[in-house]
Amino acid sequence: MISVDILEQLRQSRLLKSAPKSVVSKVAEIVETTSINAGQTLFEKGERGTAMYIITQGRVRVHDTDLVLCHLGSNDVFGEMAALAEHEVRSASITAVEDTTLLRLERDALFDLISREPEVAKALIHVLCEREKNIINDVTRRAYKVRTLERELEIGRKIQAGFLPETLPQMPGWDIAARLLAAREVAGDFYDAFEIPDHGAIALLVGDVCGKGVGAALFMTLFRSLIRATLISADIVRWVKSDDRNPDDPLKNSYLKSHQLLSNAVSLTNTYIARNHSRDSMFASLFLALLDPDTGALLYINCGHEAPAIFNKSGIGQRLEPTGPVVGMFPDATYGIETAKLRPADSLIVFTDGVTEAANSDSEQFSERRLLTLLTQVDEPAGGLVSEVMVRLTDFTRGAAQFDDITLLVVRNTHNGVQDKEGWGL
Amino acid sequence: MSSTLEIAVAEEKGVSVLRLKGPVDANTQKDLEEKADELIRGGAKNMVLDLKEVSYMGSAGLRALHIIAGMFGGDDQSARFAHVKLLNPSDEVRRVLKTLGFDNYIDVFDDLDEAIGAF
């Protein structure tokens, strides 16, 4: 004898709500009642299944590991694909959100019933059509959403590109080139190169915000803007233009001001981000230098960044090692300022770890060794060298997915012969 | 290359020792943070991260260290980092700690007893 409850539950279910009474009674003869407790998984994606289910009470989550696709509740039907098609596996996992009772329909019994009662087949087809209609609606809705997001991201990408310099400084005797290849639509890497107004020095900057994607990109705009703003603010310009305290030694004054400029820019940026954004624990490694184009003298602060290298045809020279920690993390951090010199035919390369850690499909990294070896082998203008490194990187990774943003900045001293002017004590 | 991070937790002399196995990168950073959060909510006061079997730890991993130190609270960086010690990092992980300047803020040990004794 079939319980009145089961008949009623079947009648209300999406499977049989428009089926004749006689069909409902037939189906009631082959269902079994079963239950799962809250948190219990009924089946996992990929398992072979032989049954479909109707929820009579409770609620389940349809999911793919931790991605929840939807929730189902009373009268909903699931599992019909794997139940009806013999070689089909479960397309998603089912886990109870609440204690749930189910009616279970086994494939063999169901097929047997269909052969006797075409109305049951009709009911099933109806369910499948409903399901397909919902899927199409859902796919359409998602496609619109994806298109909106893609447009937003594209706007973000364009705006972010505006945070990189449109042109690089061009001065006689100097050749500057840079490239940034983002791993995603937007990047956490950045570079900059510009002349400090009324000072004459060229600021060179390469940074790498931890992480990638939108979060890193938002912080990239903050780091880059703070550094640039502190280097060219009106106060700074006024101060740079102000009378030298020691007119007899303009060189020394220029050196002191350059020193102060660098120190200000990094300290203010560090303190600002560490104090105002500490909850996000976002930081950037950053290399900031001032180049005196008249002399090739370089003053720099390396904030936890991969050591840039000075090199020429005869080999790798000085490495510009870190002089302090990453920016934005430790409000009390102090940063040393170091000096270097770019002599005629010398080049400086500043790069992010996206270059050295670019990996091929065997997880082998491009490595600093490969990069440094390459630098001394290629005798090209800055732009040519940057392109060559990118080509070698592409050859090396052979289409393996780019894991991190890749940034290169190359500055080459193209003066002929000896540039024997002294600057900044160098 | 394995891409998951296994975290085994042991309690030794009142200190939570987390033995990590695998990479601490952008994909696994959250796992470490969540485990630390769970332990701290459960009352953990101090934590040693055993990095002996950590194959890779980049900036995402160091960010996780900063986030975990922040979970302990404290007035300044050194007060926060005082609750977390590192054990047995590889040479490569030590290099990353040094390059990014974390070596001045977080103590690194080769011996578990020493690490526990340093709290």
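Things worth noting here:
- For region A:56-178, the equivalent ellipsoid built from the Cα gyration tensor has semi-axes of 54, 16, 14 Å, listed from largest to smallest.
- Seen through its C-alpha gyration tensor, with square-root eigenvalues sorted a ≥ b ≥ c, region B:6-117 comes out rounded because a/c lies under 1.5.
- Between 0 and 90°, nearest 10: helix A:214-232 axis offset from chain A longest Cα axis: 20
- Simple rule: put +1 on each Lys or Arg Cβ and -1 on each Asp or Glu Cβ in the protein assembly as shown, find the dipole, and look at A:Pro322, A:Asn270, A:Ala340; the Cα lying farthest toward the positive end is A:Asn270.
- Centroid-to-centroid separation of region A:253-298 and region B:17-95 [C-alpha atoms, Å]: 28
- Cross-link reach list, lysines versus A:Lys133, counting only Cα pairs under 20 Å and skipping chain neighbours closer than eight places: A:Lys17, A:Lys122, A:Lys145
- Simple point charges give the picture: +1 on the Cβ of Lys and Arg, -1 on the Cβ of Asp and Glu, and for the protein assembly as shown a dipole about the Cα centre of about 1260 debye.
- Fraction of accessible area attributable to carbon and sulfur, the protein assembly as shown (%, probe 1.4 Å): 49
- When the protein assembly as shown is described by a simple charge dipole with +1 on each Lys and Arg Cβ and -1 on each Asp and Glu Cβ, the residue from A:Gly39, A:Val350, A:Asn75 located farthest towards its positive end is A:Asn75.
- For region A:139-204, convex hull of alpha carbons as volume per residue, Å³: 90
- Per the accessible-area calculation with a 1.4 Å probe, the total area buried between chain B and chain A rounds to 1500 Å².
- Computed over chain A with a Gaussian network model linking Cα atoms closer than 10 Å, the most mobile of A:Ser233, A:Ser347, A:Ser93 is A:Ser93.
- Note on chain B: with a GNM built from Cα contacts shorter than 10 Å, the maximum mean-square fluctuation among B:Gly70, B:Gly42, B:Gly14 falls on B:Gly42.
- Counting, for every residue in B:60-68, the Cβ atoms of other protein chains within 10 Å of its Cβ and taking the mean gives 4.
- Scaling against 2.2 N^0.38 Å puts the C-alpha radius of gyration of region A:1-124 at 1.02.
- The tail of the calculated P(r) for region A:165-413 beyond 22 Å holds 53 percent of all Cα-Cα pairs.
- Mean accessible surface per residue for region A:4-140, computed with a 1.4 Å probe while every protein chain stays in place, in Å²: 54
- Heavy-atom surface of region A:165-413, accessible at 1.4 Å and reported per residue (Å²): 40
- GNM flexibility winner over chain A from A:Cys70, A:Cys129, A:Cys303 (Cα, springs under 10 Å): A:Cys70
- Chain B, accessible area per residue, ligands and nucleic acids excluded (1.4 Å, Å²): 48
- Between 0 and 90°, nearest 10: helix A:250-276 axis offset from chain A longest Cα axis: 20
- Taking a ≥ b ≥ c as the square roots of the eigenvalues of the alpha carbon gyration tensor, region A:293-426 is oblate, as a/c is not under 1.5 and a/b does not beat b/c.
- Two-decimal log10 I(q)/I(0) for chain A, as the Debye equation yields it once each C-alpha is a single scatterer, q = 0.06, 0.08, 0.12 Å⁻¹: -0.45, -0.62, -0.93
The values are calculated or read from the model by the stated rules, or taken from the named source; none is laboratory data. What you see is a predicted model; the values in this text were computed from it and never measured. When we count neighbours, we look across all protein chains shown, and the Cβ atoms used for this are built from the backbone with ideal geometry, even at glycine. SASA here: full protein model, heavy atoms, side chains in, ligands and nucleic acids out. Shrake-Rupley method; radii C 1.70, N 1.55, O 1.52, S 1.80 Å.
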